[in-house]
Amino acid sequence: MNRRDGSRVPAPQKSGIGTEIGQAKFRVFNVTPFCLYLVVAWQFGWHRVPFSVAIGAVGYIAYAVIWVFVVRFSVFDTAVRRSIAAILDQALPALGMYLAGFLAGLVAWVPTLGAIGSGLRFGTRYAWLSAAVGGPLMSAAFFFSPDWRSIPGVSTGIVLVNVLLPLYVVVLVKKLEMEKQTFELRAALFEEASKHDEMTGLLNRAGFSDMYEALNSASAEPRETCAVLLVDLDGFKGINDACGHAEGDRILQAVGAALQSCVRISDKVARLGGDEFAILLRHIGSEANAEAVAAKILEAIPKPARNDLSLGASIGICVLHTHIPHCDEVLKIADRLMYQAKAAGKNQYRLHMLAPD
C-alpha cells in the first residue's frame, strides 16, 4: 500500500501469538515419541515402565496441551507467559530425568529444543533464562538420581549440551541476522547511489524515471497538475572546449545547485546526461506557475568565468493534468519543445499542456 506521496506504508505487524502457538504445539510433538516408546516397551515387555514415568509423560503432554490454550486465549501478559513457559520447559524435563533415571535419556534433547525454540522465536533473553534455570535444575536432578550419579561424565555432558547449545545457536543466528541487515543496508545504499548522478548529486535518468512513475501509482492524487521541464544548456560546449573539462564539471555542478534553488523540496531535479537536466514539478496549480519557474531558471543559470563566453538554457515544458503518460513519452514531448525554444533564439522556453482525459 502507498501513501499519497508515493512512499510505501509499512505493512501492519503480525502479533507474536502465531509463533507462540507454534512453540506450544511443538512441545506436544517433543514428548510424543517418548510416550509411544513407553507404550511399545510395555506391550512387548522390553523392560518395566515405572508408574511414575508414565504419570510424568502424561503430565508433560497435559502441560503442552494446556499451554496451547493458555497462548490461544492470552492468559497472562505476553512476557510473563513466555517466561513461565521457558522455566517449565526446563523444570519439567529435569523432574523427568530424576524420576525416570536412564529411561529419560530418550528425551534428554527436549529441554535443548525448548530453549532453542524460545530463544529464536521470542528473543535471546529467553535462551539465557532457559540456560540459567535448566542448568542448575538438571544438575540437581542428576545429583539426586542414583542412576545418573553413577555416570557423572554422561550426566555432565547432557547438562553442558542443554546449557551451551541453545546459547550458541541463538548467538549464531543473531550474528547471521546482523550480517544480513548489514548486507541489506549496503545493497540499499548501492541502489540509492545507482539512481544519483555522481558529479552533481542530483537524480540520474533512472532515479528521475522512478520518481515520475510514482505519479502513475494508485497513490498519485487525482487531478494533480504537474509539469516536466527539460533544460538544455546553451553555450556549454564552447565553455568545455575553451576552458577544459574541469571548468565544465564546475559549471554542471553550479547549474545543478541553481536548479535546485529554483524549486521546492517536493520537486525533483535530475541530470539526464551531458548538459541536459530535467525537473519534475508537483502540484503547480496552473501552467503559469510552471512558466514562472522556467523564467526563474533562465535568470539563475550561472555565468562562466571568462567574459568572452556565455551560458544560457533552452527549456521545454510539458504540463500534465489528469493524463500521466510514460516517462519516456513526456520527455520526448519536452525535448521537442526544448528544440523549438533553441530554434527561436535560445535562452527561452516553450510550453505544451497535455489535454486531460
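The values are calculated or read from the model by the stated rules, or taken from the named source; none is laboratory data. In this text, all values refer to a predicted model and were calculated from it rather than measured experimentally. Positions of Cβ are generated from backbone atoms using ideal geometry, with glycine treated the same way; all protein chains shown enter the neighbour counts.
So if I check each of 62, 86, which one is loosely packed, with under 12 Cβ neighbours inside 10 Å, under 43 Å from the mean Cα position of the chain (by Cα) and closer than 23 Å to residue 116 by Cα?
On the way: 86 fails: loosely packed, with under 12 Cβ neighbours inside 10 Å.
Matching residue, one of 62, 86: 62.
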Extreme residue, surrounded by the fewest Cβ atoms within 10 Å (Cβ to Cβ), among residues of segment 137-162 that are of a type in the set (Gly, Ala, Ser) and in a helix (DSSP H, G or I): 153
Conditions (1) within 16 Å of residue 259 (Cα to Cα); (2) loosely packed, with under 14 Cβ neighbours inside 10 Å; (3) of a type in the set (Val, Ile, Thr); number of the one not met by residue 317: (2)
Residues of segment 156-195 satisfying the condition of being within 14 Å of residue 111 (Cβ to Cβ) and in contact with a Ser or Thr (Cβ under 8 Å, 6 or more places away or on another chain): 159, 161, 162, 165, 166
Looking only at segment 185-206, and only at residues there that are aliphatic (A, V, I, L, M) and assigned to a loop (DSSP other than H, G, I, E, B), the one that is surrounded by the most Cβ atoms within 10 Å (Cβ to Cβ): 202
One residue from 156, 200, 182 being in contact with a Lys or Arg (Cβ under 9 Å, 6 or more places away or on another chain) and among the hydroxyl-bearing types (Ser, Thr, Tyr): 200
Residue under evaluation residue 223, criteria (1) basic (Lys, Arg); (2) modelled with pLDDT under 85; (3) under 23 Å from the mean Cα position of the chain (by Cα), criterion not met: (3)
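Listed here are the residues, each with its yes/no results for (1) under 42 Å from the mean Cα position of the chain (by Cα); (2) among the acidic types (Asp, Glu); (3) within 23 Å of residue 236 (Cβ to Cβ).
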| position | (1), (2), (3) |
| --- | --- |
| 299 | no, yes, yes |
| 312 | no, no, yes |
| 315 | yes, no, yes |
| 318 | yes, no, yes |
| 327 | yes, no, no |
| 334 | yes, no, yes |
| 338 | yes, no, yes |
| 343 | no, no, yes |
| 350 | no, no, yes |
For residue 106: the one exception among (1) surrounded by fewer than 17 Cβ atoms within 10 Å (Cβ to Cβ); (2) under 36 Å from the mean Cα position of the chain (by Cα): (2)
Unmet criterion (only one of (1) in the same structural domain as residue 341 (by TED's automatic domain parsing); (2) charged (D, E, K, R); (3) surrounded by 13 or more Cβ atoms within 10 Å (Cβ to Cβ)) for residue 241: (3)
Residue match in segment 335-349 (condition: modelled with pLDDT of 90 or more, closer than 15 Å to residue 281 by Cα and either outside any loop (DSSP other than H, G, I, E, B) or not basic (Lys, Arg) (or both)): no
Subset of segment 257-285 [in a strand (DSSP E or B) and of a type in the set (Asp, Glu)]: 276
